[in-house]
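Down below is the structure, laid out as structure tokens.
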Amino acid sequence: MKTTFPGGIHPPYNKELTASKAIVEMPLPKRVRLLLQQHIGAPCKPLVKKGDVVTVGQKIADSDAFVSAPIIASVGGEVAAVDAEGIEIVTDPEHSRFTGQAPKYDTPEDIRQIIREAGIVGMGGAAFPTHVKLSPPEGKEVHTLIINGAECEPYLSTDHRVMVEQGEELIEGIKILLRACGAQKAIIGIEKNKPDAIENLSRLCRDEENIRVEAVPVVYPQGGERQLIKSLTGREVPVGGLPLDLGIVVQNVATAVAVHQAVNLGRPLIDRVVTVSGRGVAEPANVRVRLGTPIRDLIEFCGGMRDDAVKVVNGGPMMGKAVASLDDPVTKGTSGILVLTEAEVRIYEERTCIRCARCVDACPMRLMPNYLALYSRKSMYNDAEQIHLFNCIECGCCSFVCPARIPIVHYIQKAKHEINSKRRKK
Amino acid sequence: MTEKLKVGPSPHILDSRSVSSIMWDVVIALIPVTAAAIIYFGLNAVFILLVSTLSAMIFESLVVHKSLKPKKVLGDGSAAVTGLLLGLILPPSAPLWMAVVGSGVAILLAKQAFGGIGNNIFNPALVGRAVLFMSWPVLMTRWHQPLALDNWFADLVSGATPLGAGSASLIDLVLGNVGGSLGETSVVAILLGGIYLLLKGHIDWRIPGGYIGTAAIIALLTNQFSLEAVAFHICAGGLLFGAVFMATDMVTSPTTKVGRLLFGIGCGLVTMYVRVFASAPEGVTYAILFMNALVPLIDRYTVPKTFGEVKK
Ligand code: SF4
Ligand code: SF4
């Protein structure tokens, strides 16, 4: 590897809990709750009402906004409730058997339309609508498609398993993505700690002229879009810009598989693979689960929680969100459900910054997290923006290394939020 | 199944390193110099270091916790570091009350008056030494020859520091068998501690590197390129001790990489300026304190270009 990004950390990975476990399919949940906003962009409006009977794969909520993705019924059955945030369906197995047909398509625009109608968003966690990412604006050419198989978050192993078990489907998906965005070549970037995935995909790509696999160093956040681009191409996405500015589109491996299923099989996004892990769950596993499944059911399927479990996280331990209620559902962006014990999430008291500069050295965006946190705490938002507050990707490296246990990311989010809401008011 | 779930901001896992684990690491790094001080200066060293360290810890605990429970006195280790550092830069013959006064100045005036750990601008131990030096210049410059190893319980014999007298054999300088402050004399012991801190990631090579490098270049230029003079300037007068243990104090040094290098270079420049033009031996103390004052400015003007920032 010639280059990689600045900073970064080596947290305990804990991937061995699930990395070698084959994906298992969870039986249909009794009911699902599908949130109207599972993606970045405009929330959807329901297309069904209480009492309607829907079949699996049916579009049940949509939006006119460009940056949005429709919500698809992940099971069939009767709509039990529609509220401001989501739609609940009581599962009827009769209506939950999927019988789709491969759609016809011709142009890149057709493909993007199919992807949109299938409700596909980035499945690595950010959940940005995929068809939007594949639509380069006027005058911008895409030359390279990067497939993100870094999976740098500790514990998570969904992308890893998909690359090992669904390699063929992944390659088919990449071919469609290449057509949809007009790129000439695709690079699959995988962290070196997944040798079986690297080997499997290298073998499958042997006869593919324009798809190649590259192993990248194991350092968090290697799977950050900007970081992976830097590692693979040596180039830095400009501040405030997008990978598109460099002629690059990045898609996650699970997203590519979903694209294959939607375009080649006519199967919209109704399920995903979730790593259920952490020392607080009885049997850690990689589970294929219907979207909208309550987190409680998923944890039950994995043997339930241990007594010393204290925190449940939706996503990875570095960027995921703490779950307040086990009734919350799995969404399109849920890559993991972590049940963490007291020993895993040590909770400390915040202290004064001792200016050790560990956060500065760890920041992959070459920011000064110590000053960002300070300015946020003192409501000095202009100063925070001056030192590029908005270039922060909220990766959590700074908070992780801070010996004073300052929740730096929390302060950064607060500052971003304050500035944005002030702007909106104007 | 427990339903009282903890919620809180990401990330949900944290590194095991804490403020106090770092501070105790610094104490560990000071063990070689402490040992050297005791070997060369005997029981005087033992008493001075004990008194300076304990009094710093007690002052801190009284101010911060208003308590003298053993656990509170141990605290986060930062007072122990300050007290030990202060003791190590006192002359071997310093009376014990001076150690108490020095620690008091360091903890109460230089640290707590500024708002406690993390908020002080100046290196507390150096402030302590500077105040002692200004108040009792004679006591602070009564240097002594190290004890003969076969006569460890003897009284100290007064002598000059090599920087003051201008001569000492290089071998003695490296081993520390010369006059000087308690902890400043043994090059080997200082380097051992420095290497430990570097390996642990608690100090950045840019500060001692910039400091020593700059001092070496100036010594070379002002001494007709005599390598011996260079070695002498670096090994004597507490420069090495200051570069490794004092200038690197996290709280009072810059947080940017470029800033840390500039800070080190600045320390070297001021030290050598004081030594060459003002011919005062206290160059190291004042150089570092002077550069401490510039830290906010250095940080502000050395903010790195953020990822993807267009080069202007
Ligand atoms: S969260 Fe932001 S400031 Fe902190 S390390 Fe990541 S990019 Fe840097
Ligand atoms: S890591 Fe924490 S203590 Fe160290 S400089 Fe950053 S904010 Fe301050």
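A few notes on this one:
- Apart from one condition, B:Asn120 fits all of (1) without any contact (Cβ under 8 Å) to a residue 60 or more places away in the chain; (2) assigned to a loop (DSSP other than H, G, I, E, B); (3) buried (at least 17 other Cβ atoms within 10 Å of the Cβ); the exception is (1).
- Considering only residues in the range A:394-409 that are of a type in the set (Val, Ile, Thr) and facing chain B (nearest Cβ under 9 Å), the one that is nearest to ligand 2 (Cβ to nearest atom) turns out to be A:Val401.
- Only listed residue being of a type in the set (A, V, I, L, M) and more than 23 Å from A:Pro12 (Cα to Cα), chosen from A:Val162, A:Val216, A:Val250: A:Val250
- Taking the range A:362-378 as the range and being of a type in the set (Ser, Thr, Tyr) and more than 8 Å from every other protein chain (Cβ to nearest Cβ) as the test, the residues that pass are A:Tyr375, A:Ser376.
- Residues satisfying the stated conditions in the range A:14-48, i.e. within 18 Å of the chain's Cα centre (by Cα) and within 14 Å of chain B (Cβ to nearest Cβ): A:Lys15
- Test result for B:Asp76, within 14 Å of another protein chain (Cβ to nearest Cβ), in contact with a Leu (Cβ under 8 Å, 6 or more places away or on another chain) and either in contact (Cβ under 8 Å) with a residue 60 or more places away in the chain or closer than 23 Å to B:Tyr196 by Cβ (or both): no
- Residues in the range A:411-426 that are surrounded by fewer than 17 Cβ atoms within 10 Å (Cβ to Cβ) and within 14 Å of ligand 1 (Cβ to nearest atom): A:Gln413 alone.
- For A:Ala127, the criteria (1) free of Cβ contacts under 8 Å to residues at least 60 places away in the same chain; (2) in contact with a Gly (Cβ under 6 Å, 6 or more places away or on another chain) hold in every case but one, which is (1).
- Hits in the range B:180-215 (condition: without any contact (Cβ under 8 Å) to a residue 40 or more places away in the chain and either more than 14 Å from chain A (Cβ to nearest Cβ) or touching a Ser or Thr at 6+ places or on another chain (Cβ under 7 Å) (or both)): B:Ile195, B:Leu199
- If you filter the range A:379-391 down to residues that are assigned to a loop (DSSP other than H, G, I, E, B) and more than 14 Å from ligand 2 (Cβ to nearest atom), you find that the one that is farthest from the other protein chains (Cβ to nearest Cβ) is A:Ser379.
- For the range A:346-364, the set of residues classified as more than 9 Å from ligand 2 (Cβ to nearest atom) and either surrounded by 23 or more Cβ atoms within 10 Å (Cβ to Cβ) or over 30 Å from A:Gly303 (Cα atoms) (or both) consists of A:Glu349, A:Glu350, A:Cys363, A:Pro364, listed by residue number.
- The set of residues in the range A:1-13 being within 14 Å of chain B (Cβ to nearest Cβ) and away from ligand 1 (no atom under 16 Å from the Cβ) consists of A:Thr3, A:Pro12, A:Tyr13.
- Sole residue being part of a helix (DSSP H, G or I), modelled with pLDDT of 95 or more and on the phi < 0 side of the Ramachandran plot, chosen from B:Ile265, B:Ile203, B:Ile234: B:Ile265
- All of (1) more than 10 Å from ligand 2 (Cβ to nearest atom); (2) more than 24 Å from B:Trp205 (Cα to Cα); (3) aliphatic (A, V, I, L, M) hold for A:Leu367 with one exception: (2).
- Within the option set A:Ser399, A:Ser379, being within 11 Å of ligand 1 (Cβ to nearest atom), small (Gly, Ala, Ser) and not assigned by TED's automatic domain parsing to the domain that holds A:Val219 holds for one residue only, A:Ser399.
- Total residues in the range A:317-367, condition part of a loop (DSSP other than H, G, I, E, B), within 16 Å of ligand 1 (Cβ to nearest atom) and touching a strand residue (DSSP E or B) at 6+ places or on another chain (Cβ under 8 Å): 3
- Qualifying residue in the range B:165-172 (condition: at pLDDT 85 or above and either out of contact with any Pro (no Cβ under 6 Å at 6 or more places or on another chain) or among the basic types (Lys, Arg) (or both)): no
- Subset of the range B:260-301 [more than 9 Å from every other protein chain (Cβ to nearest Cβ), within 16 Å of ligand 2 (Cβ to nearest atom) and closer than 18 Å to B:Gly209 by Cα]: B:Phe263, B:Ile298
- Residue match in the range B:4-24 (condition: over 26 Å from the mean Cα position of the chain (by Cα), free of Cβ contacts under 8 Å to residues at least 12 places away in the same chain and more than 7 Å from every other protein chain (Cβ to nearest Cβ)): yes
- For the range A:110-202, the helices (runs of 4 or more DSSP H) that sit wholly inside it and include 2 or more residues that are among the charged types (D, E, K, R) and in the same structural domain as A:Gly266 (by TED's automatic domain parsing) are A:158-165, A:167-181.
- Residues in the range A:268-292 that are more than 10 Å from every other protein chain (Cβ to nearest Cβ) and over 20 Å from A:Val162 (Cα atoms) were compared, and the one that is nearest to the chain's Cα centre (by Cα) is A:Gly292.
- Within the set A:Val276, A:Val310, the sole residue that is away from ligand 1 (no atom under 16 Å from the Cβ) and at pLDDT 95 or above turns out to be A:Val276.
The values are calculated or read from the model by the stated rules, or taken from the named source; none is laboratory data. Everything numeric in this text was worked out from a predicted model, so none of it was measured. When we count neighbours, we look across all protein chains shown, and the Cβ atoms used for this are built from the backbone with ideal geometry, even at glycine.
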